[in-house]
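Engineer: Quick one: the structure is below, and I'll ask about it shortly.
The values are calculated or read from the model by the stated rules, or taken from the named source; none is laboratory data. Quick caveat, the model's predicted, so the values are computed rather than measured. Here the Cβ is made from the backbone with ideal geometry for all residues, glycine too, and neighbour counts use every protein chain on show.
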Amino acid sequence: MYITNIETERLVIRRLYKSDSELWKKFFINNPGIDFLGLEVDMSIEDQSKSWIDKQLSRYANNLFGHQALIEKESGLLIGQCGLLTQEIEGNKEIEVGYHILPKYWGMGYATEAATKFRNFAFENELTDTLISVIDIRNTKSMNVARKLGMKQEKQLKIHGLDVWIYRINKENWICL
């Protein structure tokens, strides 16, 4: 499952396609945030990109949501991904809002813009009463985005070998923003 026909002020958000793996290779080149993702570092950039895209396509096919492509309206370029993701956290199914931006576009507000759209969509369409973000404890940039979404740091866990914070916002708190 993926959400269609979404736009923000500066972004067109669309589903991912297999062909996007060629464009997504840029994400794995000289990206200081890669260590925060728990990826297999022994894979080639091509294989990492293909695996990433295939995972999102599998999520779509299995009704687990999935990241979607963020296309900058002005340039028409793929600048990142964002989306809702079904996660299992401590034995519970949770819906996460996740975001990944190419380093060249960091600090421009794109992650916040896209993640806000997905947060609002999830609550407005009653997909959940609570949203999380799973963030490596070293990833201060993503923590800042989560706070801008109104999320609060809830607890620290170890997931996929990484020490992470769970950030959360519930629908009641979202309504008050």
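Engineer: From the list GLU154, GLU113, GLU74, exactly one residue is among the acidic types (Asp, Glu) and either part of a strand (DSSP E or B) or on the phi > 0 side of the Ramachandran plot (or both). Which is it?
Structural biologist: GLU154
Engineer: Let me ask something additional. If I ask for residues that are surrounded by 12 or more Cβ atoms within 10 Å (Cβ to Cβ), assigned to a loop (DSSP other than H, G, I, E, B) and among the basic types (Lys, Arg), which ones from region 1-23 would you list? Please lay out each step first, then the result.
Structural biologist: Pass one, region 1-23, residues surrounded by 12 or more Cβ atoms within 10 Å (Cβ to Cβ): 1-3, 6-8, 10-17, 20-23.
Still in the running and assigned to a loop (DSSP other than H, G, I, E, B): 1-3, 8, 10, 15-17.
Result: ARG10, ARG15.
Engineer: Filter region 17-54 down to residues that are β-branched (Val, Ile, Thr) and within 24 Å of LYS158 (Cα to Cα), then give me how many there are.
Structural biologist: From region 17-54, those β-branched (Val, Ile, Thr) are 29, 34, 41, 45, 53; that's our starting set.
If we keep only those that are within 24 Å of LYS158 (Cα to Cα) too, we end up with 34, 41.
Within region 17-54, residues that are β-branched (Val, Ile, Thr) and within 24 Å of LYS158 (Cα to Cα) number 2.
Engineer: Now for a separate question. Can you pull out the residues in region 20-43 that are touching a residue at least 40 places away in the same chain (Cβ under 8 Å) and hydrophobic (A, V, I, L, M, F, W, C)?
Structural biologist: Taking region 20-43 first, the residues touching a residue at least 40 places away in the same chain (Cβ under 8 Å) are 20, 23-24, 26-27, 30-33, 35-38.
Hits for region 20-43 are LEU23, TRP24, PHE27, PHE36, LEU37.
Engineer: Is it the case, given these coordinates, that SER58 is in a loop (DSSP other than H, G, I, E, B), modelled with pLDDT of 95 or more and either among the small types (Gly, Ala, Ser) or surrounded by fewer than 18 Cβ atoms within 10 Å (Cβ to Cβ) (or both)?
Structural biologist: Details: in a loop (DSSP other than H, G, I, E, B): no; modelled with pLDDT of 95 or more: yes; either among the small types (Gly, Ala, Ser) or surrounded by fewer than 18 Cβ atoms within 10 Å (Cβ to Cβ) (or both): yes.
No: the conditions fail for SER58.
Engineer: Among the residues of region 93-103, which ones are without any contact (Cβ under 8 Å) to a residue 40 or more places away in the chain and either exposed (fewer than 15 other Cβ atoms within 10 Å of the Cβ) or not aliphatic (A, V, I, L, M) (or both)?
Structural biologist: LYS93, GLU94, GLU96, GLY98
Engineer: Got a number for residues in region 158-176 being assigned to a strand (DSSP E or B) and farther than 26 Å from PHE121 by Cβ?
Structural biologist: Within region 158-176, the first condition is being assigned to a strand (DSSP E or B), and the residues that meet it are 158-159, 162-170.
Of the ones still in play, those that are also farther than 26 Å from PHE121 by Cβ are 158, 162-163.
So the answer is 3.
Engineer: Can you name the condition, by its number, that GLY33 falls short on among (1) farther than 30 Å from GLU9 by Cα; (2) of a type in the set (Gly, Ala, Ser); (3) modelled with pLDDT under 95?
Structural biologist: (1) is the only condition that GLY33 fails.
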